[in-house]
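Here is the structure we will look at.
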Amino acid sequence: MVRGFGVWKRFTASAMAVLIASSWLLTACGSTEGASKKRIVVFNYGDYIDRNVLKKFEKETGITVAYEEFLTPEAMYTKYKNGTIHYDLICCSDYMLDKMIQEKDVRKIAFDKMKYTKNIGETYWDLSKNFDPDNAYSVPYFWGTVGILYNPSMLDFEPDSWTDLWRKDYKDNIIMQDSVRDSFVPALRQLGYSINTTDKGQLKEAQNLLIEQKELVQSYLVDEVRDDMANEQAAMAVIYSGEAGLARDYNEKLKFVVPKEGSDVWMDSWVIPNNGENYEGALKFLDFLCREDIAADNFDYVYYSTPNTAVLDQIDPEEKEEDPVIFQSEDVVKNCEMFRYLGKDMEEYYNYMWKELKAY
């Protein structure tokens with residue numbers, strides 16, 4: 001499989017073209033009665049699905065997929081709440097789905113009408129209970145952790161702790177995530193606090209640590225982290241496990257570790273919004289994604305950790321051992337937490353703390 005630098009949560013030229021085309025399609029066709037039953041409107045992270053999967057679904061079912069992409073959960077939420085486009089399916093991250101479920105923005109999923117969701121392993125349904133307590137509103141898609149990607153040839157030690165990102169001898173060789181919740185993880189965990197803390201005193205301690213670290217940081221990035229690490233622009237970086245796996249495709253020197261203090265374990269899942277116009281079509285698409293052959297094709301393309309045990313069972317055990325980034329151990333997962341939606345007031349407070357840090 002060939003995977004280019006423009007994958008996962010990034011707009012490439014071709015992805016932007018698809019976005020523009022699909023937006024035009026949705027605007028032009030959004031009010032056409034009856035047409036909604038012959039198509040589904042899907043909203044997902046950039047380049048987070050094999051386009052051939054969409055084509056296969058259309059061919060098998062006769063249902064057209066109008067597909068649109070977003071860059072961040074916050075951008076997704078803003079556009080969804082705008083209400084101009086009625087999405088039939090949305091794939092997003094745990095804490096944002098937690099928010100949507102709490103706000104009653106999504107419909108219960110009729111699992112009795114689906115036959116392939118049984119391929120999702122129990123471990124991943126259990127993880128989903130962090131934001132979907134009754135497993136009633138979401139279907140797991142991909143999952144992973146946040147850790148440190150590092151280049152051994154640029155270091156004189158093996159990182160295993162978040163405190164390693166505060167080493168003054170590696171000033172300007174450290175990349176942090178340009179993300180509110182993700183950037184607080186290294187500070188909160190090394191202090192022994194939950195990544196879901198609502199204690200303002202604990203958050204202030206974490207912010208002080210991040211301010212102390214700021215002079216050591218080369219840059220705060222999101223998608224560019226993988227590219228810069230692959231091109232040896234920095235020695236260490238905070239990164240999503242899936243992105244770390246892709247970075248290693250271009251630079252075999254790179255290694256990934258989930259620090260011993262623990263980290264964030266994330267889950268991207270599908271939900272069916274209340275204002276969607278083709279509920280039955282959405283169910284068919286979700287079930288289709290869980291089918292073993294389709295899930296295998298999609299895993300090969302996206303190459304993030306899959307919750308589909310039918311796919312995992314077909315993978316050579318040696319391959320799993322050789323790639324602990326994509327196939328992470330249960331011990332690692334048990335030492336991690338999943339982000340929760342903390343309510344509007346705390347969401348605003350985290351944002352305030354982050355803006356204050358960036359302006360320092």
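Can you give me the three principal axis dimensions of the range 194-279 from its C-alpha atoms, in Å, biggest first?
The Cα atoms of the range 194-279 stretch 49, 41, 23 Å along their principal axes.
In a Gaussian network model over the chain where Cα atoms closer than 10 Å are linked, find which of Gly276, Gly192, Gly46 has the largest mean-square fluctuation.
Of Gly276, Gly192, Gly46, the Gaussian network model singles out Gly192 as fluctuating most.
How big is D for the chain, in µm² s⁻¹ as a whole number, if Stokes-Einstein is applied with the Kirkwood radius of its Cα pairs at 20 °C and 1.002 mPa s?
On the way: Rh = 21.1 Å.
Translational diffusion coefficient: 101 µm²/s.
What Kirkwood hydrodynamic radius, in Å, does the range 279-360 give when the mean of 1/r is taken over all pairs of distinct Cα atoms and then inverted?
16.4 Å
Compute and list, largest first, the equivalent-ellipsoid semi-axes of the range 54-182 from the alpha carbon gyration tensor, each √(5λ) rounded to a whole angstrom.
Ellipsoid semi-axes (Å, largest first): 37, 19, 17.
Give the separation of the Cα centroids, the range 82-106 to the range 283-299, in Å.
If you average the Cα positions of each part, the centres end up 21 Å apart.
With every protein chain left in place and a probe of 1.4 Å, what is the accessible surface of Asp164, to the nearest 10 Å²?
Only protein atoms counted, so the area is about 20 Å².
Which peptide among 149-155, 268-274 comes first, and what is the full order, when sorted by highest mean count of other Cβ atoms within 10 Å?
Packing proxy ranking, top to bottom: 268-274, 149-155.
With a 1.4 Å probe and all protein chains kept in place, how much accessible area does Tyr193 have, in Å² rounded to the nearest 10?
Rounded to the nearest 10, the figure is 50 Å².
Could you tell me which of the pairs Lys79/Lys115; Lys260/Lys334; Lys108/Lys284; Lys38/Lys79; Lys129/Lys284; Lys99/Lys129 are separated by over 20 angstrom between their Cα atoms in the structure shown?
Lys79/Lys115; Lys38/Lys79; Lys129/Lys284
Could you tell me the distance between the Cα centroids of the range 212-252 and the range 168-209, to the nearest Å?
Each part's Cα centre sits 17 Å from the other's.
Take the Cα radius of gyration of the range 236-309 and divide it by 2.2 N^0.38 Å, with N its residue count; two decimals is plenty.
On the way: Rg = 16.4 Å, N = 74, 2.2 N^0.38 = 11.3 Å.
In units of the globular-protein estimate, the range 236-309 measures up at 1.46.
The values are calculated or read from the model by the stated rules, or taken from the named source; none is laboratory data. Everything numeric in this text was worked out from a predicted model, so none of it was measured. Backbone-built Cβ (ideal geometry, glycine too); neighbour counts: all protein chains shown. Ligands, DNA and RNA are stripped out before the accessible areas are found, and what is left, the full protein with its side chains, is counted by its heavy atoms. Shrake-Rupley method; radii C 1.70, N 1.55, O 1.52, S 1.80 Å.
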